[in-house]
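Take a look at the structure set out below.
Quick note: the coordinates plus some simple rules give every number you see, no bench work behind them. Predicted, not measured: the structure shown is a model, and the values here were computed from it. A quick note on method: Cβ atoms are made from the backbone with ideal geometry, for glycine too, and the neighbour counts reach across all protein chains shown.
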Amino acid sequence: KLRILVSLLCFSAQSWSITGQLYEYKYVNTSETWEDAKQYCIRHHTDLATVTNMTDMKRLMEAADNDVPNAGAWIGLHRPQPTNRKWHWSLPGLEFNETNWASGESSTKDEYCGAIRKDLTWVDHGCNTSKSFICYNVDCSSYEMKN
């Protein structure tokens, strides 16, 4: 029960950490498909990066030391193939509100996964394209439970 409670506390932190700045971004300079990058981030961190405002984008680029290639690095942005045109974050339950699409992006046929470019704009690409990627961790260290 204690483990479930701590997990719920951390999950709660994810839902409000957008403004609480509890994200720690990690740039991974290894090329993977979007799904493989997502699985890597889940195994080693929390998930692919979620970017909800310009502050997040700037912090994300600082974490990447501005090494993001012009073609972009995967973030947790995707749209279910092929019937739904609405974009979602990979983290379930997190609403997609902000947009910073580059000109001509977000509705390209057969491109269902999102990346962020060096200029902080988003691009859509085929999910099987290999790219570097950005993960994030949620800082749950503030939640200590004692018996």
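Beyond 19 Å in Cα-Cα separation lie the following of the pairs 86/109; 86/131; 86/118; 26/109; 38/58; 26/131: 86/131; 86/118; 26/109; 38/58. By the count of neighbouring beta-carbon atoms within 10 Å, fewest first, 136, 23 end up ordered 23, 136. When 91, 120 are arranged by Cβ crowding within 10 Å, least crowded first, meaning fewest neighbours, the order is 120, 91.
For a test of the definition: using alpha carbon positions, the gyration tensor, and the 1.5 limit on a/c, classify region 46-96 as rounded, prolate or oblate.
On the way: a/c = 2.47, a/b = 1.68, b/c = 1.47.
Prolate, since a/c reaches 1.5 and a/b exceeds b/c.
Counted by neighbouring Cβ atoms within 10 Å, the residues 108, 46, 33 run from fewest to most as 108, 33, 46.
Loop-located GluC sites (Glu not before Pro) in region 89-135 (DSSP state other than H, G, I, E, B) with a sparse environment of at most 10 neighbouring Cβ atoms within 10 Å: 95. Taking amide H as placed 1.01 Å from N in the peptide plane, the amide H of residue 47 sits under 5 Å from that of 136, each at least 5 places away or on another chain. Among residues other than residue 28 with Cβ under 14 Å from its Cβ, the summed charge is -2 (Lys and Arg +1, Asp and Glu -1).
Are there any trypsin sites (Lys or Arg not before Pro) in region 44-91 that are in a DSSP loop and have at most 12 other Cβ atoms within 10 Å? List them by number. Before the final figure, lay out each step's value.
On the way: sites: 58, 59, 85, 86; in loops: 85, 86.
Loop-located and lightly packed - 85, 86.
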